[in-house]
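Below you'll find the structure, written out as structure tokens, and then a few comments.
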């Protein structure tokens with residue numbers, strides 16, 4: 001039995017833990033998480049001191065507050081897309 005190949009587009013986010021919060025015009029949260037994983041990153045649901053980036057959309061809420069208090073780098077959708085180009 002053969003393992004399916006990992007569908008990784010790049011390793012641009014290798015070793016990075018990224019949280020997605022808020023809403024985005026052209027992407028669902030699931031789409032965003034798939035982009036993170038396919039580029040070598042780890043998508044998680046909560047912000048911690050181990051989080052490298054928070055991608056914040058409209059109505060980001062408490063995750064944005066926590067990221068700011070922990071000094072986590074906050075990215076817009078455009079900044080995130082630029083990272084994985």
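Computed packing ranks the peptides 31-44, 69-82 as 31-44, 69-82, most packed first, by mean other Cβ atoms within 10 Å. Averaging the sequence gap over all C-alpha pairs within less than 8 Å and six or more residues apart, then dividing by the number of residues, gives the chain a relative contact order of 32 percent.
As a check on your grasp of the helix formula, calculate [θ] at 222 nm for the chain: sum -39500 (n - 2.57) over DSSP H runs of n ≥ 4, divide by the residue count, round to the nearest 500. Working shown, then result.
Details: 3 runs with 26 residues, N = 85.
For the chain, the value works out to -8500 deg cm²/dmol.
Taking every DSSP bridge with both residues inside segment 19-85, close to 10 percent are antiparallel.
With an 8 Å Cα cut-off and a minimum separation of 6 or more residues, compute the relative contact order for segment 12-56 in percent.
Relative contact order here is 58 percent.
If I fit a long axis through the Cα atoms of helix 29-38 and take the longest principal axis of the Cα atoms of the chain, what angle between them do I get, 0 to 90°, rounded to 10? Here the helix axis deviates by roughly 50 degrees. Exposure proxy ranking for 18, 84, based on other Cβ atoms within 10 angstrom of each Cβ and starting from the fewest, stands as 84, 18.
Bear in mind these aren't lab numbers, they're just calculated from the coordinates by the rules spelled out. Here the structure is a predicted model, which means the values were calculated and not measured. Cβ: placed from backbone, ideal geometry, glycine included. Neighbour counts: every protein chain shown.
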